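The values are calculated or read from the model by the stated rules, or taken from the named source; none is laboratory data. Computed from a predicted structure; not experimentally measured. Quick reminder, even Gly has a Cβ in these numbers, built from the backbone with ideal geometry, and neighbours come from all protein chains shown. Side chains are part of the model used for accessible areas, which takes the heavy atoms of the whole protein and leaves out ligands, DNA and RNA. Shrake-Rupley method; radii C 1.70, N 1.55, O 1.52, S 1.80 Å.
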Amino acid sequence: MSDAASTPTPTSSPLCPHILDATSESFAADVIERSHDAPVVVDFWAPWCGPCKMLGPVLEKLAREYDGKFTLVKVDVDQASDVAGSLGVRSIPAVFGVRDGQVFDAFTGVQPENVVRQWLDRLLPSPAETLVKQARALEATDPKAADAKYAEALKIVPDMPEARLGLGRLALAAGRIDEAAGVIAALERRGFLEPDGEKLKAELILKSQAENSGGVDAARAALAAEPNDLTRKFALAEALAASGDYEEALSLCLDLVERDRKGVGEKARQTMLAVFQLLPPDSRLVTEFRRQLSLVL
């Protein structure tokens, strides 16, 4: 009998909840969704693959040892070739580290245990990253606790953008607009903003505009009194955007861009861009109004 035939096929341990077997149908839930809670290590293997039988037990041992710091998900490429193909797997064993729904790192071939440990330690969130994730989950329910965790993270990594943005979001939610604006200004001095930074900046723009508009009812009444006043129309668009009525706000802004491109229309264009930042990229409103705005411009 050959060595390949006599070597046991690696399988998930029924005694360890941190080791799973995934199929094409369960991959999204077992890997993508699960990775938003903790990192997932995906091991692409096959029963006929000798090197897989060497690496598999190492990964399983570490999954037990790390005890929930990551989940090991094993995928038989013969049973889930579509998943392997979508990730560009060309040879096995192939191991992917997934965090927050995205591939964070990967390696192929058999690696010594100490090398795999080093790879895992890079994959796992740092103490500061863990604090930020905990704080983000607390923002809506316990902002005081979230603030404390962001502050603790900044003690570990003083210039951590994610923690600074978290404090900016908390400041904006509490109405401390100047404080939130200061966070954005400091981060912009680097020459760029992360997507969360762009979103916070957009929220700041709309929040500031809302303070100037006096609210939707007041802005609508003012426009009704002077229906041809473009400034009053923009004030209503600002109030609507700040209140979350994005479709009517975008419609009013688009009309202003068409009618007064160099005047109030430019402010209206900026408001449209701010709203686009707040909506999902594949939102119907973003798709529709981006197209219309590009035609007008």
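Summary of computed values
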| read-out | value |
| --- | --- |
| Only one of A185, A180 that is among the small types (G, A, S), open to solvent by 40 Å² or more (accessible area, probe 1.4 Å) and part of a helix (DSSP H, G or I) | A185 |
| Residue satisfying condition, being modelled with pLDDT of 90 or more, aliphatic (A, V, I, L, M) and open to solvent by 70 Å² or more (accessible area, probe 1.4 Å), within set A274, A224, A249, A237 | A224 |
| Flag for L120 being closer than 30 Å to E65 by Cβ, open to solvent by 50 Å² or more (accessible area, probe 1.4 Å) and of a type in the set (A, V, I, L, M, F, W, C) | no |
| Matching residues, region 123-153, being open to solvent by 40 Å² or more (accessible area, probe 1.4 Å) and in contact with a Gly (Cβ under 9 Å, 6 or more places away or on another chain) | R136, D147, K149 |
| Filter result for I156 (open to solvent by less than 30 Å² (accessible area, probe 1.4 Å) and more than 20 Å from the chain's Cα centre (by Cα)) | no |
| Pair list, Cβ under 6 Å, 6 or more apart: region 21-43 residue touching a residue at least 24 places away in the same chain (Cβ under 8 Å) and under 15 Å from K74 (Cβ atoms), other residue open to solvent by 30 Å² or more (accessible area, probe 1.4 Å) and not in a strand (DSSP E or B) | S24/D82; V40/R34 |
| Unmet requirement for P47, which otherwise passes all of (1) crowded, with 22+ Cβ neighbours inside 10 Å; (2) more than 12 Å from L20 (Cα to Cα) | (1) |
| Near pairs, Cβ below 7 angstrom, 6+ apart or cross-chain, from region 267-285 (closer than 14 Å to L236 by Cβ) to any residue that is among the β-branched types (V, I, T) and open to solvent by less than 20 Å² (accessible area, probe 1.4 Å) | A268/V257 |
| Among (1) under 17 Å from L172 (Cβ atoms); (2) open to solvent by 60 Å² or more (accessible area, probe 1.4 Å), the one test that P280 misses | (1) |
| Tally, over region 33-44, of residues that are under 16 Å from L124 (Cα atoms), open to solvent by 60 Å² or more (accessible area, probe 1.4 Å) and part of a helix (DSSP H, G or I) | 2 |
| Residues satisfying the stated conditions in region 162-177, i.e. more than 20 Å from the chain's Cα centre (by Cα) and not in a loop (DSSP other than H, G, I, E, B) | A171, I177 |
